[in-house]
1. Can you tell me the dipole magnitude for the chain around its Cα centre, using point charges on the Cβ only (Lys, Arg +1; Asp, Glu -1), in Debye to the nearest 20?
2. Could you name the lysines in cross-link range of LYS8, using Cα to Cα under 17 Å and dropping any fewer than eight places away on the same chain?
3. Enumerate the lysines that LYS323 could reach by cross-link, defined here as Cα to Cα under 18 Å, with residues fewer than 8 away along the same chain left out.
4. Using 18 Å as the cut-off for backbone N distance, which residues of the stretch 214-247 belong to the label zone defined by a point 7 Å from the Cα of PHE97 along Cα→Cβ?
5. For ARG358 and HIS407 in the same chain, what is the full-extension length gain: residue separation times 0.36 nm, less their Cα-Cα distance, in nm?
6. What order do you get for 63-69, 306-312, 177-183 when each peptide is scored by the mean count of other beta carbon atoms within 10 Å, highest first?
7. Hey, with R₀ at 35 Å, roughly what FRET efficiency would ASP170 and ALA130 work out to, going by the Cβ-Cβ distance, to 0.05?
8. Cross-link candidates for LYS395: which aspartates and glutamates have Cα within less than 18 Å, leaving aside residues fewer than 8 places away along the same chain?
Amino acid sequence: MFPPFPQKKAHEACKKLISLLNEGSARIVPIARESEARRNQGIMIGALACTNPAGTSEISLVTISGVSHTLEFDAEKMESRDLTGESGNETSCRMTFVPPVVEPGLIEQALEKNDGRIHELTALIQNLKAGRAKGQAASEQEQAYIQERKALTGESLQNVYGLYSFYCADGNMRSLNSICKERIKGALPPTGTGECCAPKLLHYAYSHNLMPVSMCEVFYEKGMDIEKAEPCPPCTERCGIILPEMLGLEILYRDEHIIVVNKQSGLLSVPGRGPDKQDCIVSRVKRLFPQCIEQPAVHRLDMETSGILILAFTKEAHKRLNKQFEDGLVKKQYEALLDGVLAKKGIPQEGQSELYFRLDIDNRPHQIWDETYGKKAITQWKCLNVEDYTAPDGKRRAATRVLFIPHTGRTHQLRLASADSHGFGIPIIGDTLYGTCEPGERLMLHATHIEFEHPATGQKMTFDCPAPF
């Protein structure tokens, strides 16, 4: 995944820690059972540079991945040595070790119930496998042992994951189980999820009311050359599940000028009217990056639409991106799942529509057809597939997956191109305004692709984000 925060300052802290490890002022100490595969191998170390709420002092949080080791500093060798700043300076920085989110002893207890039987089954499976002729299929007994071990392993992992909860940027705590329900539809995450450096560091920072400034991870091997300590981003496999929920944003790209995010369905792009409509992409960006300008949004997605959204950190970047949108230089693509089969209505596989809509002043925010006073909405489309759609209640029906390329940026343009009788006459599934939305359903519309010029460098920027449905 893309590094959510700048890496430079935290990278320096990682290199400082490596220097301490190499000289013996710090050491990595085993505190729990370690697998043979991991023994004598390297380990990921991480650092998070933070400020206190007043911004008057900095703290370097450091940690190591996993729960089988801890980090100890030698007080005598360290003496009064300041790690990253000048001693006595109000803005000097101190280094604090961040422990695992869950104590290793609690994890051992969660695994203890099934551990003996799992090892016993592993031995039985290995014996049966060794007795098989080459190419011979596993016997029913061996398959039964494999299935039993799989069930027990899943149960043990579920017991472990039930121990994890994380402090998040919004001040709330979220359990790993609720995060997995949101991000991977309740499936079990990979082994070790929650034990990487990034979620540990952020959990500690948010639980202590600290503001993250820079985060970095480095793979450390004993005695390594500091100059070979290359920064690594958080892993997609595990951290890609947890961090978007902790941060409130899935960050696709970020630099000092812009940020590109994958907006979730059900979240506003910009603040609405009233205190209950202040949570949005803009407010979350400003919470994570206080240096951001007051109005960073350069375009919007409907609350129910998900997908790629660009925001600007600076006024100059905002101005230049706005100009690109106004001049029609930004290329966008969307994917939608329509509630029916377009071919049955005689609609061709691909084409382009020109429709005219305006606001229905008696039924805001609905738009209505008006060939005289409406604004022209030009939409190119291509039917990608006809597939089975399973509703939240388990019922199945045919749906058409459509690629939309809007050439204008009118309000509800794609929803109207689908649902209105002057368009396809078939709404997008989950459309609360122009179709129907069953309990537990979402609008099946996602911004999958965008192209634009970087407002500072002029470089062509292209982002793709597959539809989650």
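1. Here the chain has a charge dipole of around 800 debye.
2. Straight-line reach from LYS8, under 17 Å: LYS16, LYS228.
3. LYS315, LYS331, LYS332, LYS460
4. Within reach of a label on PHE97: 218, 220-223.
5. Extending this stretch completely gives an extra 15.9 nm.
6. 306-312, 63-69, 177-183
7. 0.05
8. Cα-Cα hits under 18 Å: ASP339, GLU387, ASP431, GLU438, GLU441.
The values are calculated or read from the model by the stated rules, or taken from the named source; none is laboratory data. Keep in mind it's a predicted model, so treat the numbers as computed, not measured. Positions of Cβ are backbone-derived with ideal geometry, glycine not excepted, and every protein chain shown enters the neighbour counts. Calculation scope for accessible area: heavy atoms of the full protein, side chains included, ligands and nucleic acids excluded. Shrake-Rupley method; radii C 1.70, N 1.55, O 1.52, S 1.80 Å.
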